[in-house]
Amino acid sequence: MKRIYVKEEWCLGCRLCEYNCAFANSGMTDMVKALRGKEIHPRIQVETDADGITYAVSCRHCTDPICVKSCIAGAISKKDGVIEIDHSKCVGCLTCVLVCPYGCVVEDEGGAAQKCELCMKNTCGAPACVKGCPNGAIVYEERGEAE
Amino acid sequence: MKQYVIIGNGAAAAGCIEGIRAVDTAGSITVISAEQHPVYCRPLISYYLQHKTDLQRMRYRSETFYADNHVSVAFGRTAIEISADTKEITLDSGEIIAYDALCVCTGSSPFVPPMQGLETVEKQFAFMTVDDALAIEQAVTPESNVLIIGAGLIGLKCAEGLHGRAGSITVCDLAPRVLSSILDDKCAAMMQKHLEANGIRFLLGTSAKEFRGSKAVMQSGETVDFDVLVLAVGVRANTALVKNAGGDVNRGILTDDACKTSLPDVYAAGDCTEYHDISSDSVKVMALMPNAYMQGHTAGVNMAGGAAVFDNAIPMNSIGFFGLHCHTAGTQPDGCEMYEEADETHIKRLFVKNDRLTGFMLIGHMHRTGIYTALIRNQTPLSSVDFARLRIEPQLAAMGADYREHVLKGAV
């Protein structure tokens, strides 16, 4: 399946992906209104290592996802390879945050769990982090791994 | 065609069904469900009382789950005997069901210590099932004074659930602190303060020694007037079926990494079992829903002829009260070193021994905690990562370039 991959040699560390992610999932049409003066809660995190190398981390859509197995609300499932959260069922217990080995499930502004769902449930159509990356450092592609 | 039988209908049973069907789509599966409900999210009963979910959304799986997986469920039935020699179980109805592979997912039952005069209490409840929650909902009015015996996970979630529904809520526990099974003194004190700020009253280091109708006499001599009593002292694993069949049990049913019991073709999963905790290298009852699912899934795969192991179990809890969250995992061994951060609104305590993270307690700030949990679960040598950075903030950046490449450049 297609997944999001990063090319850290191209990452500028500008964090635009975090803003594009927060905007794409805000449900709003104006980026300024959606984000200005607000603490953003993106589903992708830019990290910087000890050598100053930057790259973005988002859900790996694991082949054997421990978040799905651990969800006490039956709210996380895998459909056609994409791991998604049913927000009507999530009660915000954050067990998924406790078990995700890559730190890719995070709290949303209301205290419930959220994670990258490849922009399949918003109006963006394709991952906003990929579309908006100014240096092509985030790609959405098939790498042919066994599922 | 193989015949699979599962005794119990909770998360472990659901995991078992999905594990079997990952390998064998043809065999028959029969589930024996004491409760009349399809599998539901047991820990959500407190969220139900808080109006944060409802009976429909509390279902653990879709309405077509049993049909999709070709499972037949005997609702309202309990198994009373396992005959390991003839590979049959007997139900309370007298019906006998043969199995090729059996999974025991019988869960646990509330433990009620002998307390004088308990029979004089008119409205008394456990808080383990959705039926308990519905009964409590019926019994509690805005004028009710609720007394909860037990300041553990179940008692405190019940207290939170009843907040706003009852006139007053008092929680007592023999232990000197709240959540004594998962928090140390300092962390427990922070949580207690927050609960008290939300109107929960505590009587700690004491419990009820006698009940007289609607009055409890504490060991300390104090009396508490109440209308509704919730008994949340503790739970006991339901081991009798396996024990009576000659299987090995201790405090729970003993299972190996394949989730097998000592009886041939009999597996067990969930709160009825005890199993290996790699963080403390000891065998214990870890009654945790995520582990129950993973045990059930492992058992199911193996029952159907696959090869699965659950060999990295650790205790872990994610629990919050009135907006203050807490994550704990692993163990705090004797002689460990502790890394600590603490202020008014959060605590982080990481426990390190022999170059490994063995456990942690976090309150108030829950960002990317799973990176810590993975260090415990994978028993990662801390000398192989940049722990000086990791302990400040969980991040893949401190895990080494090879690990990062493995995680971010291919499927994991």
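In table form, for the structure just shown:
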| item | result |
| --- | --- |
| Tensor-based shape of chain B (alpha-carbon gyration tensor, a/c under 1.5 rounded, otherwise prolate or oblate) | oblate |
| Gaussian network model of chain B, springs between alpha carbon atoms under 10 Å - residue of B:Met361, B:Met218, B:Met191 with greatest fluctuation | B:Met218 |
| In Hz, Karplus ³J(HN,Hα) per residue of region B:352-361 (6.51, -1.76, 1.60; θ = phi - 60°; x = Gly, Pro) | 10, 8, 6, 6, 10, 7, 9, x, 7, 10 |
| Cβ-Cβ FRET estimate between B:His51 and B:Asp85, R0 fixed at 56 Å, reported to 0.05 | 0.65 |
| Long-range amide H partners of B:Leu203 with built H, under 5 Å | B:Val171, B:Cys172, B:Asp173 |
| Cross-link partners of B:Lys123 among aspartates and glutamates (Cα-Cα below 16 Å; sequence separation of 8 or more within a chain) | B:Asp131, B:Asp132, B:Glu137, B:Glu143, B:Glu210, B:Asp225, B:Asp227 |
| Length-normalised contact order for chain B - Cα pairs under 8 Å, 6+ apart - percent | 15 |
| Where no second cysteine Cβ lies under 4.7 Å, the cysteines concerned in chain A | A:Cys11, A:Cys14, A:Cys21, A:Cys62, A:Cys71, A:Cys90, A:Cys93, A:Cys100, A:Cys133 |
| Residues B:Glu95, B:Glu143 arranged by fewest to most Cβ contacts within 10 Å | B:Glu143, B:Glu95 |
| Test item: A:62-75 mean partner chain Cβ contacts at 10 Å | 6 |
| Positive dipole terminus of chain B, leading residue within B:Ile20, B:Cys158, B:Tyr66 (C-beta point charges) | B:Cys158 |
| Among A:Leu35, A:Thr123, A:Ala50 - extreme Cα towards positive end, dipole of chain A, charges at beta-carbon | A:Thr123 |
| Karplus-derived 3J(HN,Hα), 6.51/-1.76/1.60, for each residue of region B:64-73, Hz, glycine and proline x | 9, 4, 5, 5, 4, 9, 6, 10, 9, 10 |
| Sorted peptide list for B:391-402, B:260-271, criterion being average Cβ within 10 angstrom, highest first | B:260-271, B:391-402 |
| GNM flexibility winner over chain B from B:Leu174, B:Leu390, B:Leu288 (Cα, springs under 10 Å) | B:Leu390 |
| Surrounding net charge for B:Thr170, when Lys and Arg each add one and Asp and Glu each subtract one, Cβ distance under 13 Å | -3 |
| Net charge, B:Val233 excluded, C-beta distance under 15 Å - Lys, Arg +1, Asp, Glu -1 | +1 |
| Inter-centroid distance (Cα atoms) of region B:28-78 relative to region B:373-412, Å | 37 |
| Residue exposure sequence - B:Val140, B:Val146 - by fewest surrounding Cβ within 10 Å | B:Val140, B:Val146 |
| For region B:16-32, Karplus couplings with θ = phi - 60° (6.51, -1.76, 1.60), whole Hz, Gly/Pro x | 5, 4, 5, x, 4, 6, 5, 10, 10, 8, 9, x, 8, 10, 10, 10, 9 |
| Theoretical gain in end-to-end length, B:Val309 to B:Tyr403 [0.36 nm per residue, Cα-Cα removed] | 31.5 nm |
| Charge tally in the Cβ shell below 10 Å around A:Val139, where Lys, Arg are +1 and Asp, Glu are -1, A:Val139 excluded | +3 |
| Helix-only CD estimate at 222 nm, as mean residue ellipticity for chain B, using -39500 (n - 2.57) per DSSP H run (n ≥ 4) | -6500 deg cm²/dmol |
| Cβ crowding within 10 Å averaged over residues, with B:56-68, B:3-15, A:85-97, A:118-130 ranked highest first | B:3-15, A:85-97, A:118-130, B:56-68 |
| Candidates B:Ile253, B:Ile371, B:Ile278, ranked by Gaussian network fluctuation over chain B, Cα under 10 Å, top entry | B:Ile371 |
| Partner chain coverage, peptide B:60-68 - average Cβ within 10 angstrom | 1 |
| Cα shape, region B:323-408, gyration tensor, a/c 1.5 rule | oblate |
| Order of A:Leu12, B:Leu102, B:Leu204 under a 10 Å beta carbon neighbour criterion, fewest first | A:Leu12, B:Leu204, B:Leu102 |
| Sequence-distant residues sharing a close amide H with B:Arg236 (under 5 Å, placed H) | B:Ser109, B:Phe111 |
| Charge dipole (debye, nearest 20) of chain B; +1 at Cβ of Lys and Arg, -1 at Cβ of Asp and Glu | 540 |
| Cα shape, region A:6-81, gyration tensor, a/c 1.5 rule | oblate |
| 29 Å Cα-Cα threshold exceeded, pairs from A:Lys38/A:Lys121; A:Lys78/B:Lys193; A:Lys38/A:Lys131 | A:Lys78/B:Lys193 |
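FYI, it's all coordinate maths here, none of it is from the lab. Remember, it's a predicted structure, so these values are computed and weren't measured experimentally. Ideal geometry is used to build each Cβ from the backbone, glycine not excepted, and the neighbour counts take in all protein chains shown.
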